[in-house]
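Have a look at the structure below, then the notes.
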Amino acid sequence: MAILQILEFPDPRLRKIAAPVTIFDDKLGALIEDLLATMYEAQGIGLAATQVNIHQRFLVIDVSEERDNPQVFINPSFEVIENELSEYDEGCLSVPGFYETVSRPRVIKVVAQDKAGEKFEIEAEGLMSTCIQHEIDHLNGKLFVDYISTLKRDRIRSKLEKEHKQSA
């Protein structure tokens, strides 16, 4: 397993829309393991392939307290089951050090494929629902900062660009 480099906002590669996964092989399995290792190393609860410059539609999540329940979603999509919204202070491994309150549908139905390409459905609510929506946004070239005001987004962009220049 390899720890992959996580792209950081405002890197334009984070805006690329991911292509559907069509080949379910050992290479995909290895990429999924690398994505999980990277997520755990960075102490995240979710990571989309786009965030590590792999522009394919898959993501990993582990919202368990013990960090022992990894879940893989390949070619995921969702539909809203309840229009009620939940608010969470969202953070992102691609926007390190920043948290903003984002409202998203509380309950969703997710349709995806597993590592073998088999379709499955789950109903997700609360943090799991928020996390899945956040990661699917990444696959669609969208970031949680797109949900906040332009002023806040520009401040975050400026701070991260300054940090990137200082560390270069």
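The values are calculated or read from the model by the stated rules, or taken from the named source; none is laboratory data. This structure is a prediction, so every number in the text was calculated from the model and none was measured. Ideal geometry is used to build each Cβ from the backbone, glycine not excepted, and the neighbour counts take in all protein chains shown. Ligands, DNA and RNA are excluded from the accessible area calculation, which covers all protein heavy atoms including side chains. Shrake-Rupley method; radii C 1.70, N 1.55, O 1.52, S 1.80 Å.
Scan segment 103-145 residue by residue and report those that are aromatic (Phe, Trp, Tyr) and open to solvent by 50 Å² or more (accessible area, probe 1.4 Å).
Phe120
Can you name the number of the only condition in (1) aliphatic (A, V, I, L, M); (2) in contact with a Lys or Arg (Cβ under 6 Å, 6 or more places away or on another chain); (3) farther than 26 Å from Arg157 by Cβ that Ala18 fails?
Going through the list (1) aliphatic (A, V, I, L, M); (2) in contact with a Lys or Arg (Cβ under 6 Å, 6 or more places away or on another chain); (3) farther than 26 Å from Arg157 by Cβ, Ala18 breaks only (3).
Can you tell me how many residues within segment 33-53 are surrounded by 18 or more Cβ atoms within 10 Å (Cβ to Cβ), farther than 27 Å from Thr150 by Cα and touching a residue at least 40 places away in the same chain (Cβ under 8 Å)?
Final tally of qualifying residues: 1.
So, Ser86, is that one surrounded by 15 or more Cβ atoms within 10 Å (Cβ to Cβ) and in contact with a Phe, Trp or Tyr (Cβ under 7 Å, 6 or more places away or on another chain) or not?
no
In segment 1-21, how many residues are assigned to a helix (DSSP H, G or I) and touching an Asp or Glu at 6+ places or on another chain (Cβ under 9 Å)?
Matching residues across segment 1-21 total 1.
What are the pairs with Cβ atoms under 7 angstrom where one residue, in segment 141-168, is closer than 13 Å to Glu100 by Cβ and the other, located anywhere, is modelled with pLDDT of 95 or more and open to solvent by 90 Å² or more (accessible area, probe 1.4 Å)? Sequence gap at least six, or different chains.
none
What number of residues within segment 22-77 are of a type in the set (Phe, Trp, Tyr), out of contact with any Pro (no Cβ under 9 Å at 6 or more places or on another chain) and outside any loop (DSSP other than H, G, I, E, B)?
Initially, segment 22-77 is screened for residues of a type in the set (Phe, Trp, Tyr), giving 24, 40, 58, 73.
Next cut, out of contact with any Pro (no Cβ under 9 Å at 6 or more places or on another chain) only: 24, 73.
Narrowing the set further to residues that are outside any loop (DSSP other than H, G, I, E, B) leaves 73.
Of the residues in that region, 1 qualify.
Taking segment 1-15 only, how many residues are free of Cβ contacts under 8 Å to residues at least 12 places away in the same chain and within 14 Å of Ala42 (Cβ to Cβ)?
Here the count works out to 0.
Conditions tested, residue by residue: (1) over 22 Å from Asn53 (Cβ atoms); (2) of a type in the set (D, E, K, R).
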{"site": "Glu125", "(1), (2)": "yes, yes"}
{"site": "Ile132", "(1), (2)": "no, no"}
{"site": "Leu139", "(1), (2)": "no, no"}
{"site": "Phe144", "(1), (2)": "no, no"}
{"site": "Leu151", "(1), (2)": "yes, no"}
{"site": "Lys159", "(1), (2)": "yes, yes"}
{"site": "Ser167", "(1), (2)": "no, no"}
